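Bear in mind that the values in this text are calculations on the coordinates, not laboratory data. The model shown is predicted, which means the values in this text are computed figures rather than measured ones. A quick note on method: Cβ atoms are made from the backbone with ideal geometry, for glycine too, and the neighbour counts reach across all protein chains shown.
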Amino acid sequence: MTATIIDGVEIANRMRAEIATQAADFKQTYGYAPGLGVVLVGDNPASRQYVRMKQRACEQAGITSVSHLLPSTATQNEVEAAVHELNDDPAVHGILVQLPMPPQIDEERVLRLVSLEKDVDGFHPLNIGLLGMKGREPIFTPATPTGCMVLLDEVGVDLDGANAVVVGRSNIVGLPVSLMLLKANATVTVCHSRTKNIADVVRGADVLIAAIGRPEYIKGDWIKPGAVVIDVGSNKVDDPTSERGYRFVGDVDYEGALNVAGAITKVPGGVGPMTITMLMVNTMKAARFLARKTAM
Ligand code: GUN
């Protein structure tokens, strides 16, 4: 069996075209464009690159962006002031605080300050708390986990009662995606660095979310035949055969999994484009909510 390839680029492009239409309609109705506010602290090249990609994708869809680019020496007060400014700016509907922050910054305090109505990254502790509670709904859910759920939906997986295994428990992906799978009535197991016999746990997965950040860590013979595999990893590895001298691989041994899984995402071209797209979806939602509220 060769797995169905879940094409994140195609799905993301389709969704972005729809967002562009919505943004144009929004501008026509309200006379201004939806806006995303960005706080980026420091010069981590990966974070800068992510932010550039997010802003470019927003621009292409007609969502404007306002940036606060602070040096790696920024103080807590300076970062908090940037968030306050974006909270108060009527042209900004969604706020993105790019993580991680430099060590002198108390990330938790910064995320708490983001207005709940503008929390398009879904990282405010109240939104995460609501995500974890039965019968409650957060206003926004984090972009990468939401993108994983959209990909599962696209492939038509029935999550009700399915065994879902999440490898990784980060605040950005592993933890929130496990809460989202639980909300969708999956039976969820979260594996992490202390888990014993990870391979055996993964072998029970009807749905596998790999988000551990280790290149090709999950081997083909760990995959249950027919399982749906979402690979969130994006690991830079040396590759002297490529022009750039490196390439990106996922957390799953793609070649090994391809003949066992029922469906699988590629790296790159799987979850990555969905992350940016879900941020745009959330920004549109925030813009509509705030515009209606101010029009009342
Ligand atoms: N750092 C890595 N992924 C993300 C993300 O989705 N949002 C933010 N804010 N920071 C990140």
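Tabulated values for the structure
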quantity: Qualifying residue in segment 193-205 (condition: within 16 Å of the ligand (Cβ to nearest atom), among the charged types (D, E, K, R) and either crowded, with 18+ Cβ neighbours inside 10 Å or in a loop (DSSP other than H, G, I, E, B) (or both)); calculated: no
quantity: Filter pass, residue 284 being closer than 30 Å to residue 92 by Cβ, within 16 Å of the ligand (Cβ to nearest atom), in a helix (DSSP H, G or I) and touching a helix residue (DSSP H, G or I) at 6+ places or on another chain (Cβ under 7 Å); calculated: no
quantity: Options 77, 87; residue that is more than 22 Å from residue 274 (Cα to Cα), under 23 Å from the mean Cα position of the chain (by Cα) and in a helix (DSSP H, G or I); calculated: 87
quantity: Segment 26-48 - residue that is more than 18 Å from the chain's Cα centre (by Cα) and within 16 Å of the ligand (Cβ to nearest atom) and, of those, nearest to residue 288 (Cα to Cα); calculated: 41
quantity: Selected residue (criterion: surrounded by the fewest Cβ atoms within 10 Å (Cβ to Cβ)) from residues of segment 90-110 that are within 11 Å of the ligand (Cβ to nearest atom) and part of a loop (DSSP other than H, G, I, E, B); calculated: 100
